[in-house]
Amino acid sequence: MKELKQKFLIIKLSSIGDIVHALPFLRTLRTNYPKAYIAWMIEERFQDLVKFNSDLDEVIPVRIKHWRKNLCLKSWNEINLIRNLLKDRKFDWTFDLQGLIKTGFIALMIGAPNRVGFHRKNCRENINAWFNNRHSKYISTSEHVIDLCLSQLSVLGNFHPQTEFKLTIRTEDERVTENFISENRELVAKPIVGINAGAGFPTKIWSIERYAQLADRLVEELGFSILLTWGPGEKEMTQKIAKSMKQKSWVAPATTIAESIGLYKNLSLFVGSDSGPFHICAALGIPTVSIWGPTHPDRNGAYTNNHTAVYHKLDCSFCWKRICPLGTMECMDKVTVENIFDAVKKISSQTN
Amino acid sequence: MAFDKELLEILVCPQCKGELELTSGEDGLDCNVCKLKYLIQDGIPIMLIDQAQPLP
């Protein structure tokens, strides 16, 4: 009997939020093509997000960021291994959900007969469109990133979108949280609000003092426990919040991405800006209150209910800059402790 | 646009997840369990249950 299995490769390398936003694409593809072979190419450091996803047949971790910075013999050997693996797989379709020059080049190098990419105007780097030979229809830049990803499926068919986020971890990834909780029983005596102050862009960061004031009010007035979460390079900032607080709070233990998913599952509510932890919590269905400045919540925010995006609209809002061109960070600065406290109060009363 | 028959052959019915059959006129995919026909328009299968046509 003829082997009918078609091989799809999703190219979405980074970062946490963008990968989470591509999960409904995978779910929809798998729902409609249960017999297909589906692989995902991802930066090694983010592979926890998809490694145990039952919709995938294979995860292909790469270290492109590392290779570009350290082009040595070891890197070339690793690149050759990946090239040979990709050659062996003979993918029929690649879906470039990143839309960058580098991912377009990767898709071309893989050489699948069907290379799907975004419409030129939807690519983060327009040149990406040159490398792909099938393109999704243009969708408005105000549409959500999840819808943008799903738009690539339009080259295969018209499908009902499956807006589910499978974030599967192993039992051993829960262990860090279990140990932390067993050593800190007082933390779980009350509903936990997770606060994550860090973010990828400096312009997305709200002030440490305000987080501390907010956290105190959440303890004093709403009776929450506060768990301060952090990622690479953010521990010091998090400890400063804990030190600035009058009330007791807990600084989360060091975690891998998979372990952090296990940790966030214990939250009743999450507060933070547009960051990886925010996207993971929203995907887990944890109510969130998020603070927005340079990026737009309609496009990058939570896709489902039980979320409140707080922002102060200025003429220069949603500039997408990593560094504030005016040097004021006014968009983030204008969001007050009161704004976030009120949003938490409202969303927690609705959830209860 | 010509459609890829191999791709159509691995598609499943969005309702029952069962196999589909390409119609003789190649204008749709029939689900003989749900008695629904999913139309193919310009090479694109419309896999939406509410837009499928009932089979006689």
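Observations, loosely collected:
- Our Cα-only numbers for the protein assembly as shown put the radius of gyration and Dmax at 23.2, 75 Å.
- Radius 10 Å from Cβ of A:Cys149, net charge of other residues (Lys, Arg +1; Asp, Glu -1): -1
- Cα centroid separation, the range A:1-56 to the range A:181-249 (Å): 34 Å
- Rg/Rh ratio calculated on Cα atoms of the range A:66-116 (Kirkwood radius): 1.01
- For A:Ala258, neighbours were defined as the other residues whose beta-carbon sits under 11 Å from its Cβ, and their charges (Lys and Arg +1, Asp and Glu -1) total -2.
- Only Lys, Arg, Asp and Glu carry charge here, each on its Cβ (+1 for the first two, -1 for the last two); on that basis chain A has a dipole of about 1080 debye about its Cα centre.
- Chain-alone versus full-assembly comparison, the range A:4-44, residues with accessible loss of at least 20 Å² (1.4 Å probe): A:Leu4, A:Gln6, A:Thr31, A:Asn32, A:Tyr33, A:Pro34, A:Lys35
- Listed residue (A:His279, A:Ile19, A:Met109) projecting farthest to the positive dipole end of the protein assembly as shown, Cβ model: A:Met109
- Sequence of A:Trp130, A:Trp206 from largest to smallest accessible area, 1.4 Å probe: A:Trp130, A:Trp206
- Histogram of C-alpha separations across the range A:1-146, 10 Å bin width, %: 11, 41, 38, 9, 1
- Long-range amide H partners of B:Cys34 with built H, under 5 Å: none
- Listing of the range A:72-107 residues, each with accessible area lower by at least 20 Å² in the full protein assembly than in the chain alone (probe 1.4 Å): A:Trp93
- For the range A:239-326: accessible area per residue (Å², 1.4 Å): 44 Å²
- Where both bridge residues fall in the protein assembly as shown, DSSP classifies roughly 20% of the beta bridges as antiparallel.
- Here, the range A:186-251 is characterised by an Rg to Rh ratio of 0.96, where Rg is the alpha-carbon radius of gyration and Rh the Kirkwood radius.
- To put it simply, the accessible area of the protein assembly as shown at a 1.4 Å probe is 49 percent carbon and sulfur.
- Measuring heavy-atom accessible area with a 1.4 angstrom probe and counting protein chains only, the residues of the range B:5-21 that give up at least 30 Å² relative to the chain alone are B:Glu6, B:Leu7, B:Glu9, B:Ile10, B:Leu11, B:Val12, B:Lys17.
- Whole-Hz couplings from phi, Karplus 6.51/-1.76/1.60, listed for the range A:224-231; x for Gly and Pro: 8, 8, 10, 10, 8, 9, 7, x
- Pairs of lysines in the range A:156-263 (C-alpha under 24 Å apart; 8 or more residues apart or interchain): 12
- Note that chain B presents 56 Å² accessible area per residue, ligands and nucleic acids not counted, probe 1.4 Å.
- Summed over both chains, the contact between B and A buries some 1500 Å² of accessible surface at a probe radius of 1.4 Å.
- For the range A:189-234, the per residue solvent-accessible surface stands at 35 Å², with DNA, RNA and ligands left out and a 1.4 Å probe.
The values are calculated or read from the model by the stated rules, or taken from the named source; none is laboratory data. Computed from a predicted model, the values in this text were never measured in an experiment. Cβ: placed from backbone, ideal geometry, glycine included. Neighbour counts: every protein chain shown. Accessible surface areas use protein heavy atoms only, side chains included; no ligands, DNA or RNA. Shrake-Rupley method; radii C 1.70, N 1.55, O 1.52, S 1.80 Å.
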